[in-house]
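Here is the structure we will look at, set down as structure tokens.
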Amino acid sequence: MSSEQPMVTLDTEDYGPVTLPEPGWCAGHTDHRTDSQRIDLDHKGHEHRLTHDGELLWTAFLAQAPYASSPQARALGVYVEQGSYAHTLDATGLYDLAASFDAHADRLRELADQLTQLHDSEGQ
């Protein structure tokens with residue numbers, strides 16, 4: 001069995017085809033655009049949609065952009081985006097929302113654990 005890391009080649013507008021290592025956590029590049037710049041190439045993990053009453057509150061996934069201008073974006077991290085949930089709630093609704101936050105906090109802790117394990121396995 002080979003221990004070589006798989007590679008992926010992505011077309012860019014400024015550098016042509018760019019071949020880079022594809023980490024095992026990457027969910028693929030089906031959304032890649034050939035008019036992308038090399039600086040915009042990234043790896044994304046599976047998206048976790050954190051919802052309440054069917055409305056999106058947060059999106060979170062592992063992310064890394066190896067050619068980004070920012071050192072922070074080049075490092076493996078968890079991308080988190082807030083949705084547009086806005087409601088006035090009664091006490092029951094507020095308890096339900098708090099329960100959703102508890103469940104989402106557990107999921108974010110799982111992502112933090114995964115990120116720590118990935119960093120530990122890379123020796124960072």
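The values are calculated or read from the model by the stated rules, or taken from the named source; none is laboratory data. Computed from a predicted model, the values in this text were never measured in an experiment. Here Cβ is always computed from backbone atoms with ideal geometry, including for glycine, and neighbour counts include all displayed protein chains. SASA here: full protein model, heavy atoms, side chains in, ligands and nucleic acids out. Shrake-Rupley method; radii C 1.70, N 1.55, O 1.52, S 1.80 Å.
What to note about this one:
- Once the Cα-Cα distance is subtracted from the 0.36 nm per residue extended length, the residue 121 to residue 98 segment shows a gain of 4.8 nm.
- For residue 52, the residues whose modelled amide H falls within less than 5 Å of its own, excluding neighbours fewer than 5 places apart on the same chain, are 57.
- Accessible surface of the range 1-99, 1.4 Å probe: 49 percent of it comes from carbon and sulfur atoms.
- Summed over qualifying helices (DSSP H, 4 residues or more, each -39500 (n - 2.57)) and divided by its residue number, the chain shows a 222 nm mean residue ellipticity of -10000 deg cm²/dmol.
- Computed label-point distance, nm, for sites residue 55 and residue 73 using a 7 Å Cα→Cβ extension: 3.1 nm
- For the range 33-124, the spherically averaged projection of the C-alpha convex hull amounts to 7.6 nm².
- Computed E for residue 80/residue 40 - FRET, C-beta separation, R0 22 angstrom, nearest 0.05: 0.70
- Surface analysis of the chain yields an accessible area of 67 Å² per residue, using protein heavy atoms and a 1.4 Å probe.
- Between 0 and 90°, nearest 10: helix 91-122 axis offset from the chain longest Cα axis: 20 degrees
- The 1.4 Å probe gives accessible areas that order 58, 25, largest first, as 58, 25.
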